[in-house]
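Contents: one structure, followed by commentary.
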Amino acid sequence: MSSHSTINRNFQMIMHRPFEPIFSRKGPSGERFDIPKKFFGPRYQDISDKLIELHKKLSGPLIPVKDIKLPDLKFASRLGRMEMFTPCIPIHRKVADKLVDLLMGCLDIDELQAMAIYMRDRVNPYCFNYALTIAILHRSDTKFVDIPYCYELFPEKFITAEMFSKIRQESGAIPQGSRIPILQPLALTANFANVEQKCAYFREDFLLNLSYWNWNIMYPAGITNPKVLYKDRRGELYFYYHHQILARYNAERLCNNLHRVQPLSNLREPIPEGYFSKLDSQVGGNAYPPRFKNTVLKDLRRESQELHFDLYLVERWIDRITDAITVGFIINDKGERVSLKNNNGINILGDLIQSSLASANRYFYGDLGNMGKLFIAFSHDSYNKHLESFGILADNATALRDPLFYRWHARLNELFMMHKNTLPSYTQDELSFPGITLQGLGIEKFPDSNNENELLTHWQQVDADTGPGLNFSSPGGVFVRLTHLDHRPFKIKLKIKNEMRSAALVCVRLFLIPEYNDCGLKMNFNELREFAIEIDRFVTKIEPGLSSVTRKSEDSSIVRIRDKKKTKNIFCRSGWPGHLLIPKGDPDGKKFILFGILTDYLRDHIYTKQDGDGCEVGSLYYGLFREKFPDKRPMGFPFDRRAHFHIEQLTDFLLPNMKCTSVTIRNKLEILSP
């Protein structure tokens with residue numbers, strides 16, 4: 001068995017430069033795989049002897065490859081190597097699922113490595129890397145493997161075609177060591193005559209899109225392997241993750257004086273939002289097709305992809321799910337009634353709507369989440385007359401760029417909230433924490449500021465290496481300089497009184513909520529529920545008496561680890577992007593409410609670390625890998641349910657273990673260099 005560092009290097013070489021043949025030089029010292037003749041791809045079989053002789057003459061170490069029984073990959077031909085790949089398309093999902101099964105079925109790492117090498121030049125590059133990433137992530141013997149970021153392997157999904165062309169020029173013409181980062185402007189896909197461009201900094205943020213791709217690697221729809229499929233509360237997590245994306249996007253819209261997202265309720269009306277991504281694909285030389293203003297959705301007739309669906313199917317699935325919520329139960333695939341009137345109902349609905357293989361009845365309730373995106377993503381060429389591929393909404397690495405992502409998921413969120421509104425309001429026993437009082441809550445004042453409870457945001461530049469994804473180019477890093485929203489690190493101060501005789505373990509839940517809605521009116525409790533942004537959840541020990549607790553923003557249990565060197569596991573590096581922890585605010589200061597609630601840790605049973613792995617993650621949106629979700633409470637508690645009828649304002653809702661404070665988020669119009 002090779003060392004961890006050697007195995008890690010080998011998988012890096014397999015995944016890097018995904019469109020180059022596997023037999024080409026891969027490492028910085030000219031390393032290459034010593035592959036058997038039968039491993040050469042179809043294009044190279046006839047000249048394999050010449051290639052083997054040629055490589056014997058080259059300098060650099062040869063890496064041995066285990067000789068294995070070769071699998072039959074004919075099924076993978078259903079997805080051409082030069083096609084775009086998306087798990088939204090059923091036939092693509094089936095190909096990916098079989099690849100994952102083959103990779104998960106390998107008996108050891110040497111066999112896994114050989115299997116991946118054999119597959120690499122025979123199947124679609126996007127699908128191959130998707131399947132291999134899922135397999136590495138879910139196998140118990142590959143926890144240490146440093147899976148490359150998606151933007152490193154496929155930079156064309158994260159930077160515009162214009163920038164990608166400049167990066168290629170830099171790589172081809174400038175030697176390593178003399179290269180400089182290529183600056184990508186912040187507003188590149190439209191001008192501000194398009195009002196949606198005001199929030200493009202959020203939608204097009206490369207780490208936000210990376211975060212969404214990572215989430216869908218951990219909870220992929222269509223993968224049947226039990227180690228991949230069955231994860232605790234995955235359906236509820238699907239609801240809450242997308243619910244929080246919507247809440248955060250709506251907060252950004254309010255900061256830019258835009259109306260909240262309007263759900264895509266009528267699928268027959270023209271869609272006013274056009275979108276031109278300016279992104280290209282490395283397969284087939286195709287660009288992601290645009291969507292023009294006032295596009296109308298049509299039936300799908302794309303026989304080459306086995307897509308023959310009528311739009312009314314999506315409407316029927318919505319009606320069936322709506323009916324199930326109304327009557328309080330679904331019908332599973334055995335014809336049995338399954339109640340939704342409990343805490344697990346949201347989990348059942350999440351599995352139905354995501355349409356993972358965990359769905360209780362995929363045949364009857366359909367493939368709503370994926371097919372809705374497909375109808376939109378193919379709206380420019382629904383009948384395949386022009387042989388155009390899908391738009392960015394169908395690709396998990398690019399979907400968040402499209403304003404229609406938020407309108408579609410706002411429609412799905414209506415279904416989830418419709419269900420939540422059928423559940424009883426929380427009782428005082430469920431909300432209170434006898435003996436514990438939250439006496440103070442606020443933001444520590446910055447040394448150079450005179451304002452209390454103020455948060456400051458700015459613009460930050462960061463360099464991202466695209467070298468691993470630049471095929472057939474000179475070796476070495478090639479960086480693109482991106483600009484994203486960021487905030488000054490802050491501290492939240494809490495004063496907690498423990499009136500019990502012994503120490504108490506307290507779970508602190510913190511939310512940011514816009515104080516006013518898009519009409520400039522103060523929101524009542526039931527309105528602000530859908531705008532509540534959870535920014536942290538942590539456990540602290542409180543001794544009897546009055547205690548002060550300070551929580552740093554960078555310690556939030558929601559955010560991803562920024563420093564890749566701290567951990568190699570892609571799951572441990574996943575979470576909400578730290579620079580988007582709080583909304584932008586505006587130069588004059590935008591009013592938000594900082595809300596805190598203290599609950600009993602012993603009652604909630606929260607675990608803050610991944611047992612055995614030492615893996616700290618943004619667990620509120622991602623869960624804990626191979627473990628139970630770290631909180632018994634429903635996700636979004638206490639804002640996931642309606643309050644009792646007599647509660648109108650948030651202040652009416654407060655108990656001694658809760659507190660809210662008005663804070664101001666101010667955006668400084670400055671751009672900081674890396």
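The values are calculated or read from the model by the stated rules, or taken from the named source; none is laboratory data. Not measured: the values here are computed from a predicted model. No Cβ is skipped: glycine too gets one built from the backbone with ideal geometry, and neighbour counts run over all protein chains shown.
On the given criteria, is Phe192 out of contact with any Ser or Thr (no Cβ under 7 Å at 6 or more places or on another chain), farther than 24 Å from Asn286 by Cα and among the aromatic types (Phe, Trp, Tyr)?
On the way: out of contact with any Ser or Thr (no Cβ under 7 Å at 6 or more places or on another chain): yes; farther than 24 Å from Asn286 by Cα: yes; among the aromatic types (Phe, Trp, Tyr): yes.
The answer is yes for Phe192.
Would you point out which residue out of Glu269, Glu306, Glu336 is more than 25 Å from the chain's Cα centre (by Cα), surrounded by 12 or more Cβ atoms within 10 Å (Cβ to Cβ) and either over 29 Å from Ala190 (Cβ atoms) or among the charged types (D, E, K, R) (or both)? Give the derivation first.
Numbers: Glu269 fails: surrounded by 12 or more Cβ atoms within 10 Å (Cβ to Cβ); Glu336 fails: surrounded by 12 or more Cβ atoms within 10 Å (Cβ to Cβ).
Testing whether each residue is more than 25 Å from the chain's Cα centre (by Cα), surrounded by 12 or more Cβ atoms within 10 Å (Cβ to Cβ) and either over 29 Å from Ala190 (Cβ atoms) or among the charged types (D, E, K, R) (or both) leaves just Glu306.
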Candidates Tyr312, Tyr288 - the one that is among the hydroxyl-bearing types (Ser, Thr, Tyr) and more than 20 Å from Arg411 (Cα to Cα): Tyr288
Filter pass, Asp448 being surrounded by fewer than 16 Cβ atoms within 10 Å (Cβ to Cβ), outside any loop (DSSP other than H, G, I, E, B) and free of Cβ contacts under 8 Å to residues at least 60 places away in the same chain: no
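Just to check your reading of the model, which residue among Asp351, Asp299, Asp280 is over 30 Å from Ile167 (Cβ atoms), in contact with a strand residue (DSSP E or B) (Cβ under 8 Å, 6 or more places away or on another chain) and surrounded by 14 or more Cβ atoms within 10 Å (Cβ to Cβ)? Outline the logic, then answer.
On the way: Asp351 fails: in contact with a strand residue (DSSP E or B) (Cβ under 8 Å, 6 or more places away or on another chain); Asp280 fails: over 30 Å from Ile167 (Cβ atoms).
It is Asp299.
Give me the helices (runs of 4 or more DSSP H) completely within the stretch 107-205, filtered to those with at least 1 residues that are within 23 Å of Pro21 (Cβ to Cβ) and at pLDDT below 90, ordered by residue number.
On the way: elements: 109-120, 125-138, 150-153, 161-173, 200-203.
So the answer is 150-153, 161-173.
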Index of the failed condition, Ala76 passing every other in (1) hydrophobic (A, V, I, L, M, F, W, C); (2) within 26 Å of Asn286 (Cα to Cα); (3) assigned to a loop (DSSP other than H, G, I, E, B): (3)
Residue that is at positive phi and surrounded by fewer than 23 Cβ atoms within 10 Å (Cβ to Cβ), where the choices are Gly177, Gly172: Gly177
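Given Ser425, Ser379, which one is closer than 30 Å to Thr322 by Cβ, part of a loop (DSSP other than H, G, I, E, B), modelled with pLDDT of 95 or more and in the same structural domain as Gly274 (by TED's automatic domain parsing)? Break it down into steps so the answer makes sense when it comes.
Working: Ser425 fails: in the same structural domain as Gly274 (by TED's automatic domain parsing).
Exactly one residue qualifies, and that residue is Ser379.
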Residues (without any contact (Cβ under 8 Å) to a residue 12 or more places away in the chain and among the charged types (D, E, K, R)) located in the stretch 329-350: Lys334, Glu336, Arg337
Looking only at the stretch 576-596, and only at residues there that are out of contact with any helix residue (DSSP H, G or I) (no Cβ under 6 Å at 6 or more places or on another chain) and small (Gly, Ala, Ser), the one that is surrounded by the most Cβ atoms within 10 Å (Cβ to Cβ): Gly596
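Give me the residue from the stretch 1-52 that is part of a loop (DSSP other than H, G, I, E, B) and of a type in the set (A, V, I, L, M, F, W, C) and, out of that set, surrounded by the fewest Cβ atoms within 10 Å (Cβ to Cβ). So that I can check it myself, show each step before the final result.
Step one: list which residues in the stretch 1-52 are part of a loop (DSSP other than H, G, I, E, B), which gives 1-3, 16-31, 35-36, 40-41.
Applying the additional criterion that residues be of a type in the set (A, V, I, L, M, F, W, C) yields 1, 19, 22-23, 35, 40.
Details: Met1: 9, Phe19: 16, Ile22: 24, Phe23: 21, Ile35: 26, Phe40: 22.
Among those that are part of a loop (DSSP other than H, G, I, E, B) and of a type in the set (A, V, I, L, M, F, W, C), it is Met1.
Give me the strands (runs of 3 or more DSSP E) completely within the stretch 266-362, filtered to those with at least 2 residues that are aliphatic (A, V, I, L, M), ordered by residue number. Give the derivation first.
On the way: elements: 300-302, 307-309, 329-331, 337-339.
Because the criterion is at least 2 residues that are aliphatic (A, V, I, L, M), the strands (runs of 3 or more DSSP E) in the stretch 266-362 that meet it are 329-331.
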Residue, surrounded by the most Cβ atoms within 10 Å (Cβ to Cβ), within the stretch 83-115, restricted to residues that are closer than 24 Å to Ile63 by Cα and of a type in the set (Gly, Ala, Ser): Ala114
Only one of Phe525, Phe538, Phe511, Phe531 that is modelled with pLDDT of 95 or more and over 19 Å from Tyr249 (Cα atoms): Phe525
Set Leu374, Leu352: member being assigned by TED's automatic domain parsing to the domain that holds Val283, closer than 22 Å to Gln244 by Cα and hydrophobic (A, V, I, L, M, F, W, C): Leu352
Residues satisfying the stated conditions in the stretch 501-510, i.e. touching a strand residue (DSSP E or B) at 6+ places or on another chain (Cβ under 9 Å) and farther than 13 Å from Ser547 by Cα: Cys507, Val508, Arg509, Leu510
Residues within the stretch 273-317 that are touching a Leu at 6+ places or on another chain (Cβ under 7 Å) and among the β-branched types (Val, Ile, Thr), tallied: 1
Test result for Arg320, of a type in the set (Lys, Arg), at pLDDT 95 or above, out of contact with any His (no Cβ under 7 Å at 6 or more places or on another chain) and surrounded by 15 or more Cβ atoms within 10 Å (Cβ to Cβ): yes
Filter result for Asp323 (over 29 Å from Pro634 (Cα atoms), out of contact with any Ser or Thr (no Cβ under 6 Å at 6 or more places or on another chain) and free of Cβ contacts under 8 Å to residues at least 60 places away in the same chain): no
Total residues in the stretch 491-547, condition acidic (Asp, Glu) and out of contact with any Leu (no Cβ under 8 Å at 6 or more places or on another chain): 4
Test: residue in the stretch 224-243 that is surrounded by fewer than 20 Cβ atoms within 10 Å (Cβ to Cβ), of a type in the set (Val, Ile, Thr) and not in a helix (DSSP H, G or I): yes
Only listed residue being closer than 25 Å to Lys493 by Cα and either in contact (Cβ under 8 Å) with a residue 12 or more places away in the chain or of a type outside the set (A, V, I, L, M) (or both), chosen from His419, His386, His380, His458: His458
Pairs where the first residue, in the stretch 85-106, is closer than 27 Å to Ile376 by Cβ and not assigned by TED's automatic domain parsing to the domain that holds Gly366 and the second is hydroxyl-bearing (Ser, Thr, Tyr) and part of a loop (DSSP other than H, G, I, E, B), C-beta under 6 Å, 6+ apart: His92/Thr86; Asp97/Thr224
Criterion (in the same structural domain as His242 (by TED's automatic domain parsing), among the basic types (Lys, Arg) and buried (at least 21 other Cβ atoms within 10 Å of the Cβ)) met by exactly one of Arg411, Arg362, Arg407, Arg401: Arg401
